[in-house]
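Heads up: the structure comes next, in structure tokens.
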Amino acid sequence: MCKNHITIMIISTIPDMFGEHYYFIKEVFPQLKEICNSHDIDLEYIDLFFSMSEEEFKTCRSIQKYFNSIDSDRTFYICFRGQKLGCVPTPADIDKMTLDEYPELVDYIGDTSFTELTVMHALHPFEKYDNGNAQSLPPVRHSFFYFRNDDYLNELSDSQKEIYTCGHCDDEFVQDLKLAMAKDLVFHDKYEFDKLKDNVSNINIRRYDGVWDKNLALSDVLDKYIEEYVEMNDMSIEDLPDYYDKFPILNSKGCFNDFNSEGNPLKDIIIEDFVNELKLEFPQKFK
């Protein structure tokens, strides 16, 4: 029986989700990898943000790189969202090459966050053009959305709110509203897809809580994440951009060090969700 290959990555805002990124790569992925190996499935984890070179950061083509990665394997899509809308790309952030490949993007630039654009492309793909020829893409077949509850907000200082919420923004109310609408739209999409007789896209949605550690520095979490990631991918830390230069707030204190959903470890929930979808995608592997 041939071995199938699938690639997964986490879509989220940064740096407020560094805790989740580290938790996933440390606590979740190794178990998923072992399960997949036991069923002749090769599972690969990539993180485009942590894989981009300094030059790629400067070329304003990050959206294209994320879209291309989603298009290369529309099997699984994983998204974590908290209480931060995230950056909203401006026309200056999108180069001509990106718009030539995904011209429909022009209608959303300046109004839709980067994270939301990837959600849209996963569930309702933008048309992709190759040498002027349009290609209609199917939605991702199995998507996972994990929404962090906001019970921790009262524990945040003003400086921490700049990292974890839209509270420092001039249009805080508007951004909070857009974030709520974006999450509601995922629930709506799940409802609509589930109604289809031949559902082409399974959407899993969970809410979870984080264990807040006010003394844990974001830089410590990032250091541990990068150490795990470069070892997994046989990379060198010297090959990565200087994240501390890009995010001076990484020296701030306050981060999540554990996660749970309805009283259960979040890692168990994610693994259960993922295995259920693996069985649907590869029924012959799980007989």
- Query: Pairs under 7 Å by beta carbon, first residue within 8 Å of Tyr23 (Cβ to Cβ) in the range 255-266, partner open to solvent by less than 70 Å² (accessible area, probe 1.4 Å) and of a type in the set (S, T, N, Q), six or more apart or different chains?
  - Reply: Leu266/Asn260
- Message: Please go through the range 74-102 and give me each residue that is under 13 Å from His121 (Cβ atoms), touching a strand residue (DSSP E or B) at 6+ places or on another chain (Cβ under 9 Å) and either of a type in the set (D, E, K, R) or open to solvent by 10 Å² or more (accessible area, probe 1.4 Å) (or both), ordered by number.
- Response: Glu101
- Task: Please specify each residue of the range 265-286 satisfying the condition of being more than 23 Å from Val200 (Cβ to Cβ) and open to solvent by 30 Å² or more (accessible area, probe 1.4 Å).
- Result: Pro265, Lys267, Asp268
- Query: In the range 101-209, which helices (runs of 4 or more DSSP H) lie fully inside it and hold 3 or more residues that are within 15 Å of Phe80 (Cα to Cα)?
  - Reply: 114-123, 172-195
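Yes/no per residue for (1) assigned to a helix (DSSP H, G or I); (2) modelled with pLDDT of 95 or more; (3) within 21 Å of Met9 (Cβ to Cβ):
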site: Glu56; (1), (2), (3): yes, no, yes
site: Lys65; (1), (2), (3): yes, no, yes
site: Asp71; (1), (2), (3): yes, yes, yes
site: Cys79; (1), (2), (3): no, yes, yes
site: Cys87; (1), (2), (3): no, no, yes
- Message: What's the total number of residues in the range 205-234 that are of a type in the set (S, T, N, Q) and crowded, with 17+ Cβ neighbours inside 10 Å?
- Response: 1
- Query: Is it the case that the range 31-40 has a residue that's modelled with pLDDT of 90 or more, within 26 Å of Ile205 (Cβ to Cβ), buried (at least 21 other Cβ atoms within 10 Å of the Cβ) and under 16 Å from the mean Cα position of the chain (by Cα)?
  - Reply: no
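The values are calculated or read from the model by the stated rules, or taken from the named source; none is laboratory data. All of these numbers come straight from a predicted model, not from anything done at the bench. Ideal geometry is used to build each Cβ from the backbone, glycine not excepted, and the neighbour counts take in all protein chains shown. Each accessible area value is taken on the protein alone, full model and side chains, heavy atoms only, with ligands, DNA and RNA left out. Shrake-Rupley method; radii C 1.70, N 1.55, O 1.52, S 1.80 Å.
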